Amino acid sequence: MKKILVVTGTSDNKRKFAVNYIETFMRDNDVEVAVVGESIYDVTEVAEDISAIVAIGQPQFTTERPIIDGTPFITKFNMDACCQQLMEKI
């Protein structure tokens, strides 16, 4: 199972919204994933089991994992395109 990390510097509600949206999108497309959310300020390194990251804000860490721009989860515009891009990266 792939694991997706959602990091955001915005509110907990935005993070939870993104996590839930991504989980639903992936499930509806028969992709088995675990999606977790963290504050962008609390993440200093990325765990080995993370397959991809959705960043809503500017990450303060470096990683070799793919990072997808999560701005669509703030604007609520092109969220499916963001999830599709995420699906291609994992």
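The values are calculated or read from the model by the stated rules, or taken from the named source; none is laboratory data. Note that the coordinates shown come from a computational prediction; the quantities given were computed from them, not determined experimentally. Glycine also receives a Cβ, built like all others from the backbone with ideal geometry; neighbour counts cover every protein chain displayed. Areas reflect the complete protein model, heavy atoms only, side chains present, ligands, DNA and RNA absent. Shrake-Rupley method; radii C 1.70, N 1.55, O 1.52, S 1.80 Å.
Brief remarks on what is shown
- Here is the figure for the range 69-87: residues that are surrounded by fewer than 20 Cβ atoms within 10 Å (Cβ to Cβ) and not charged (D, E, K, R) total 10.
- Residues in the range 24-58 that are surrounded by fewer than 18 Cβ atoms within 10 Å (Cβ to Cβ) and within 15 Å of Cys83 (Cα to Cα): Thr24, Arg27, Asp28, Asn29, Asp30, Val31, Glu32, Ala34, Val36, Ser51.
- Per this entry, Ile90 is counted among residues that are open to solvent by less than 60 Å² (accessible area, probe 1.4 Å) and touching a residue at least 24 places away in the same chain (Cβ under 8 Å).
- Of all the numbered requirements in (1) under 15 Å from Phe73 (Cβ atoms); (2) out of contact with any Lys or Arg (no Cβ under 9 Å at 6 or more places or on another chain); (3) of a type outside the set (Lys, Arg), Met1 misses one, and that requirement is (1).
- Residue in the range 44-58 that is in contact with a strand residue (DSSP E or B) (Cβ under 6 Å, 6 or more places away or on another chain) and modelled with pLDDT under 90 present: yes
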